[in-house]
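Here is the structure we will look at, set down as C-alpha cells.
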Amino acid sequence: MTASDFEFRHRMSLIAAIFALAFCCSWIDPRSAGEALARRLGSWGLPASDAGGRHVVFFLAFALVAAGAALRTWGTAYLEVETMEDARLRSERLVVAGPYRHVRNPLYLGNLLVAAGVGFLASRLGFLLLVAGMGVFLYRLILREEQHLLRRHGAAFQPFLEVPRLWPAWRARVAASSGAKPRLIPAVLAELLMWAAAAAMATYAVTFSVAAFSVVLSAGALAAGLRFGAARMQV
C-alpha cells in the first residue's frame, strides 16, 4: 500500500495525471458534477433552470479550492518551500507548528480539498475518479513518509502520532516546536498554482465561462512555472 520511490519522486506529475484522467471521463459522462448537483438542488425548491442554483454550487466549489489553497499555504509556511518542492523525501526535522499541531498532513488535505472543488467541473464519473484516485494516491504517499520519519526520528516521532492523519483536530494535539516561525510570503508564492485554481473557480462561479476559467488558470500556472524556474536557477 505504501508508495514507491518512483511515485514519490514523480508525485506532482502523477497528481496531474489523475486530474487529466478524471476530466477525460467527460467523453463517457458529459454532464458535470456541478450541474448534476444544481439539478439536485432544484428538487429542493431551487429551479434547475435558474442560474442561482449553479452559482450556489460553484461558489461552494470555489470555497473548497480556496480552503485547500489556504491550508497548503499555511503548511508550506512552516514546512519551508524547499522541502515541499523537493523530489526527494526530506526528513531532517520534524515540523510541529501551525497546522501540523492539528493535522499531520495539511498539504495533502489541501490537495484533497482542491481536487474536490475543481472536480465539480468534471463529469460525475470524473469527480468520483478524481476524489477517490487522489485519496488513494495521497494515502500511499503518507504511509511512505510516516515510515521514513519513524525510522529517522524514532521515539521523537511518536507524540506526533497523536495528531490526526487527515481529519483535523479542533484543538492542537501537541505542543509547538520552539522557535518555529512561518515564512508566509514565500509560501504564498510557492502555492501560486493553488491560488490560481481558486481564482479560476471564482471566475467560473460568476461567469460560467470555461474560456475565462482557462485564461485565469493558465495565467496562474505560467506565473507559478516562472517562479519555480527562477527558484531552481538560484539553487
TODO: Read through the list (1) among the aliphatic types (A, V, I, L, M); (2) in contact with a Phe, Trp or Tyr (Cβ under 9 Å, 6 or more places away or on another chain); (3) modelled with pLDDT of 90 or more, then give the number of the only condition that residue 114 fails.
DONE: (2)
TODO: Quick one: which residue in 227, 152 is among the basic types (Lys, Arg), out of contact with any helix residue (DSSP H, G or I) (no Cβ under 9 Å at 6 or more places or on another chain) and not in a loop (DSSP other than H, G, I, E, B)?
DONE: 152
TODO: Inspect all residues belonging to the stretch 206-213 and state whether any of them is surrounded by 15 or more Cβ atoms within 10 Å (Cβ to Cβ) and at pLDDT 95 or above.
DONE: yes
Open item on the list: Against the conditions (1) surrounded by 14 or more Cβ atoms within 10 Å (Cβ to Cβ); (2) over 19 Å from residue 107 (Cα atoms), where does residue 145 fall short? Just the number, please.
Closed with: (2)
Open item on the list: Restricting to the stretch 174-189, name every residue that is of a type outside the set (Ser, Thr, Tyr), more than 23 Å from the chain's Cα centre (by Cα) and on the phi < 0 side of the Ramachandran plot.
Closed with: 174, 175, 176, 180
Open item on the list: Looking at the stretch 215-235 only, could you name the residues that are under 13 Å from residue 118 (Cβ atoms) and at pLDDT 95 or above?
Closed with: 216, 217
TODO: For the stretch 118-168, name all the residues that are among the hydrophobic types (A, V, I, L, M, F, W, C), more than 15 Å from the chain's Cα centre (by Cα) and modelled with pLDDT of 90 or more.
DONE: 121, 122, 125, 128, 129, 143
Task: Qualifying positions in the stretch 188-211 - among the aliphatic types (A, V, I, L, M), over 20 Å from residue 53 (Cβ atoms) and either in a loop (DSSP other than H, G, I, E, B) or touching a residue at least 12 places away in the same chain (Cβ under 8 Å) (or both) - done: 188, 189, 190, 192, 193, 194, 196, 197, 198, 199, 200
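The values are calculated or read from the model by the stated rules, or taken from the named source; none is laboratory data. Fair warning: this is a prediction, and the values are worked out from it, not measured in the lab. Backbone-built Cβ (ideal geometry, glycine too); neighbour counts: all protein chains shown.
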